[in-house]
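Just so it is clear, none of the values below were taken in a lab; they were calculated from the coordinates. Quick caveat: nothing in here was measured; it's all calculated off a predicted structure. Cβ atoms come from the backbone with ideal geometry, glycine included; neighbour counts cover every protein chain shown.
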Amino acid sequence: MPKGRLRKTSPIVAGQAKERADDRFVRMISPAECREARRLLGWSQRDLANRLGIGIRTVVIFESGERLPWALDLAELGRIFKAARIEFTNGEASGVKLRLPGAPPAPGREQ
């Protein structure tokens, strides 16, 4: 795989595939979407790293678009953002928004 391209496979943690039924398909969260989600939540890179249980350098590397670090579990990243009411949209242009408490997901949008 050419350098600089993010992997579109199952999440990998510490070099071992995670065996969870809900991880069979992981929506690829882009580095830009990750940065925007953090901005909406008022989280620093350190805040996100602490929530994921990884080092801040791993978040920095991912958000730079340099590569997908082995320690970054995309499924867990998605779960953390979903629990924080972040919604990733897949309309004509992808985007990120913060869902209000109790509001249903937008129709035709991926969470």
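Numbers at a glance
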read-out	value
Note, ³J(HN,Hα) from phi for segment 62-70, Karplus 6.51, -1.76, 1.60, rounded to Hz, x at Gly and Pro	4, 5, 6, x, 4, 5, 8, x, 4
Cβ-based charge dipole, segment 30-98, positive-most Cα from Gln45, Val96, Leu74	Gln45
Distance-filtered residues of segment 25-56 - backbone nitrogen under 14 Å, label point 7 angstrom along Glu66 Cα→Cβ	55-56
Prolate/oblate/rounded label for segment 30-98 (Cα gyration tensor, a/c 1.5)	prolate
Interchain or long-range residues, amide H under 5 Å from Val96's placed H	Thr89
Estimated FRET transfer efficiency (Ile56, Arg99; beta-carbon r; R0 25 Å; 0.05)	0.40
